1. Restricting to region B:32-68, give me the number of residues that are in contact (Cβ under 8 Å) with a residue 12 or more places away in the chain and farther than 30 Å from B:Arg330 by Cα.
2. Output the residue which, of all residues in region A:241-252 that are on the phi < 0 side of the Ramachandran plot and assigned to a loop (DSSP other than H, G, I, E, B), is least open to solvent (accessible area, probe 1.4 Å).
3. Please go through region B:183-240 and give me each residue that is within 22 Å of B:Gly169 (Cα to Cα) and not in a strand (DSSP E or B), ordered by number.
4. Quick test of your reading of the structure: C:Leu130 fulfils all but one of (1) in contact with a strand residue (DSSP E or B) (Cβ under 6 Å, 6 or more places away or on another chain); (2) under 18 Å from C:Arg49 (Cβ atoms). Name the failing condition by number.
5. Which pairs have Cβ atoms under 6 Å, sit 6 or more apart or on different chains, and link a residue in region C:264-279 that is farther than 20 Å from C:Ala304 by Cβ to one that is surrounded by 14 or more Cβ atoms within 10 Å (Cβ to Cβ) and of a type in the set (Ser, Thr, Tyr)?
6. In region C:312-353, what count of residues is obtained for those that are in contact (Cβ under 8 Å) with a residue 40 or more places away in the chain, away from every other protein chain (no Cβ under 14 Å), open to solvent by 20 Å² or more (accessible area, probe 1.4 Å) and among the aliphatic types (A, V, I, L, M)?
7. What residue, of B:Glu205, B:Glu232, B:Glu201, is of a type in the set (Asp, Glu) and either over 20 Å from the mean Cα position of the chain (by Cα) or open to solvent by 20 Å² or more (accessible area, probe 1.4 Å) (or both)?
8. Can you tell me how many residues in region A:139-163 are more than 24 Å from the chain's Cα centre (by Cα) and open to solvent by less than 60 Å² (accessible area, probe 1.4 Å)?
Amino acid sequence: VPFIPVSKQSLLSNVDVIANMQMSFQNEFSEGTYQQSRFVMNQFRLEIRGKVHDKVYFRFRDRYTRGVVPQTIDNISRSTDLAFLRFDANDSWSIYAGKLCADWGGFEFDANPIEIYEYSDIIEYADNFLVGAGVSYMLPDKQNQFTVQLLNSRTASFTELYDTTALPGIKPAKFPFAGVLNWRGNFGKFSTLWSYSVFREAENEYMNYLALGNQFQTGKFHIQYDFKWSREALDRKGIVSGITDNMGIKHAYRARYMSHWVRLDWHLSSKVNLFFVGMMDDAYWKPSGTTLPANTSTNKLRTAWGYIPGVEVYPFKNLNLKVFGTFIGRKYVYTDYAKSNFGMANTDNYRASIGIISPLVIL
Amino acid sequence: VPFIPVSKQSLLSNVDVIANMQMSFQNEFSEGTYQQSRFVMNQFRLEIRGKVHDKVYFRFRDRYTRGVVPQTIDNISRSTDLAFLRFDANDSWSIYAGKLCADWGGFEFDANPIEIYEYSDIIEYADNFLVGAGVSYMLPDKQNQFTVQLLNSRTASFTELYDTTALPGIKPAKFPFAGVLNWRGNFGKFSTLWSYSVFREAENEYMNYLALGNQFQTGKFHIQYDFKWSREALDRKGIVSGITDNMGIKHAYRARYMSHWVRLDWHLSSKVNLFFVGMMDDAYWKPSGTTLPANTSTNKLRTAWGYIPGVEVYPFKNLNLKVFGTFIGRKYVYTDYAKSNFGMANTDNYRASIGIISPLVIL
Amino acid sequence: VPFIPVSKQSLLSNVDVIANMQMSFQNEFSEGTYQQSRFVMNQFRLEIRGKVHDKVYFRFRDRYTRGVVPQTIDNISRSTDLAFLRFDANDSWSIYAGKLCADWGGFEFDANPIEIYEYSDIIEYADNFLVGAGVSYMLPDKQNQFTVQLLNSRTASFTELYDTTALPGIKPAKFPFAGVLNWRGNFGKFSTLWSYSVFREAENEYMNYLALGNQFQTGKFHIQYDFKWSREALDRKGIVSGITDNMGIKHAYRARYMSHWVRLDWHLSSKVNLFFVGMMDDAYWKPSGTTLPANTSTNKLRTAWGYIPGVEVYPFKNLNLKVFGTFIGRKYVYTDYAKSNFGMANTDNYRASIGIISPLVIL
């Protein structure tokens, strides 16, 4: 009779293989007109994670919904979200290294991607998986954890991301890093997930990102609110540049983004959850140094609205799988300034989806 | 001493990781002339499948012989054949959702791809792995199962597959679906795998597909015969269009395909199997609406013949691995109509292969 | 209580899933000037390997740092290093088939790629993972093993690798094979890893490759020395062609490469290892059949030097993981002939790296 060696039993017990899935049947509308229906595998990410040693934890996650393209800076494929090691020196200190999820903060970003029906602009357009290293410290009260990360600021090179002829006088940074500071606090019903980050995009050109995630849980109710704010010396998200490009400004300087995101959950029972996600993403830009007139409406260019009401049902007792029905609405409202100077027009689209979400443990 | 938790033991017992392989050394001939020799990994598909819960079955299969390209309609890579969940409500009813193998019917299509030395045209040129959902019902006699599937009709968009300027007046469908009806019957020595499918390719343009798979097993003999037939308002397989393109008709209307496929197995012993696969694929097209003369030979354009005699040897007792030697011949015979109107010429090629096939369980 | 079946217990005990990783933070210099700093995932290769049956061993390894591109000749992705089966007929004889690591010989090549900080030219520019078959024979003394392999000589077709208009009169081979002969000898403190290979690149155009790997171990010291030599009727490495291309000779005939590689290890303790890797790669070419003057300096074009001193620390007792600090220097020195005839100039670059290496067993 074979007998599994103890070291293998330990791996088999502690390591999970997970198929992270979100699939749906969706009906899409634009400006109130029905466009198309289709089945979509919104997310399929295979994951292997767990303790591989007393003091070492490993995590790997790879998407099957993205081409496998090794990147110029970090050498690993964009399809690979995570490939890192964590050393747990003791109960307080941990060290991370590898391809990490940048610890931006905010509860929207912290969720498993399969839980998100649609990301807010400020996350959707960011580079979230970067190679680097980090250190975490848990306070002795076990309720507050602080993390510092040092990462590449991007996976692709400066010249791949930016058309340098459109950026006279800008010199690529020799070490384009992202420094991240994160605080996770737990105060019983209330918890926080705050962070501040600075990115060196080019010489003397930085990006500053603040995310303040807040969560309140009581009985059947669950409220999450994220405030996110980004100030970008060189527009990295590209949303503002996508607008100014209409007037020949390919890469906008001094773009600002501000985002409010809220998720409300009402757990009617262990099987049924009603939820509402609301988001509001503002894009700002000051036309200084250009021939354009001043933007008198606080430099705002557009507001992107999102509203996602829905229901989630858990049909199985011992399986983390839910069936959902949602309505996912997006509305892009431009300021008069953006309309008259850049020819923008409001758009409005939504889709009705039913589907399945599961972080299915398969081994 | 570690001890594997019960839930893990259940997964480890019920879930298999499989390396589906077909590799060969092949010598290729064209029109009777030796062309080249090479080693080929014809198939390498990693698979994870099994019961992950009392009532839930998971299956994932991915190829390493195809680029990873997420598709416009379903968002998942073409290299991923399968990524689905099956819920077994009870002994009779099952529900499927995800990227599925369309239940086209016919024994050729139902086989593990590594068992196939060369596919018949009608399968080779089809889109077989589609995202969608299905329901199966097993009769109380446990011998007859009926399946209904609703799938996307393709993974790519209409404009990616068709040059719309060559299709004046055709409007892409808003919901390009495939509806599939399948019957698996078991009558002792005789069994069936029949299906009928309808695809909505464009507004008012449908494709109809019928597959009648039949199997007869007795002692050492094993006979499979598939009849397949497809009527395509817009030529989806592209075989007819490949011919008519020579006269400027890029996408042919009203193409028809008919296929006969037979596989004979003679199990000489538990270690040796002699087999013969024969196939005959006809392509038809009516030149109505064009300036071409009528096609008097029942509108046939070509017949593609296939003949694959061979031997399979199982060297191991407890391992599903076989060594094969085959001769794989293909002959493409065009009708006089295709020759005179489209300048087609018959072709004849074959290859002699020796190799290994295994759906190797590796974990 | 579930209970894992015996066949599964056997697989779970004998098969390993391994995340082969090399990650680093590196500071890069060129001609003495600081260029850039970045975090890099130098290597990430997932591997599954082990005994899947009494007499059958399986191995699969795939990179996440390379695009998934199926190859014209062998049909499998370049990202897949290994996908093969080994049959152990008895204690002496083994047979291999599938995508193999060509058994070139030499200790540099034989190492796990994550152990290599920088490859010598002669390996860096070679095609090392090829589909084919092989046989190994172990002498009854259990100290000498001989291997013969027959492989495709490349993964891509002749016309993909070579611009045939630049090669008048050269006919692609009908069976472009590589034949490999390898000897692994063990003489106590001294061991060998020698091989000779011949590649058929085109009709009447062969490549001959000799690798003589030698290892000496005594107490805390460990010395490896490889001599490698390649004579290429058609320049396959492309290093010489990269130089002659400057004078319009796209594919050089009769290139020769010679490589010396040495690695010294001084295991100060079970936790600390000091090492030095040195390499010298010469590229030769005889300008016969061209209008260029004779190359009087033994036909040499350049010498590529490599010097890699460093330290490796193993922080964990039961985990094969090391932290390293190295200085990786490369110097390319051209002969006067190459400078005056092809306009080449010497280059000198280096990088200082700290990082982590682990063939981490994750399941």
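1. Residues that pass the stated criteria total 12.
2. Looking only at region A:241-252, we keep the residues that are on the phi < 0 side of the Ramachandran plot, and these are A:241-247, A:249-252.
Still in the running and assigned to a loop (DSSP other than H, G, I, E, B): A:249-252.
On the way: A:Ile249: 38, A:Lys250: 96, A:His251: 25, A:Ala252: 1 Å².
Of everything passing the filter in region A:241-252, A:Ala252 is least open to solvent (accessible area, probe 1.4 Å).
3. Quick first cut of region B:183-240, residues within 22 Å of B:Gly169 (Cα to Cα) only: B:198-208, B:231-238, B:240.
Correct list: B:Glu203, B:Asn204, B:Asp235, B:Arg236, B:Lys237, B:Gly238, B:Val240.
4. The number of the failed condition is (2).
5. Partner pairs satisfying both residue conditions: C:Lys271/C:Tyr314.
6. 1
7. Details: B:Glu232 fails: either over 20 Å from the mean Cα position of the chain (by Cα) or open to solvent by 20 Å² or more (accessible area, probe 1.4 Å) (or both); B:Glu201 fails: either over 20 Å from the mean Cα position of the chain (by Cα) or open to solvent by 20 Å² or more (accessible area, probe 1.4 Å) (or both).
After applying the criteria, what remains is B:Glu205.
8. Qualifying residue count, region A:139-163: 2.
The values are calculated or read from the model by the stated rules, or taken from the named source; none is laboratory data. These figures come from a predicted structure and were not determined experimentally. Neighbour counts run over all protein chains shown; Cβ positions are idealised from the backbone, glycine included. Heads up: the accessible areas ignore ligands, DNA and RNA and are worked out on the full protein's heavy atoms, side chains in. Shrake-Rupley method; radii C 1.70, N 1.55, O 1.52, S 1.80 Å.
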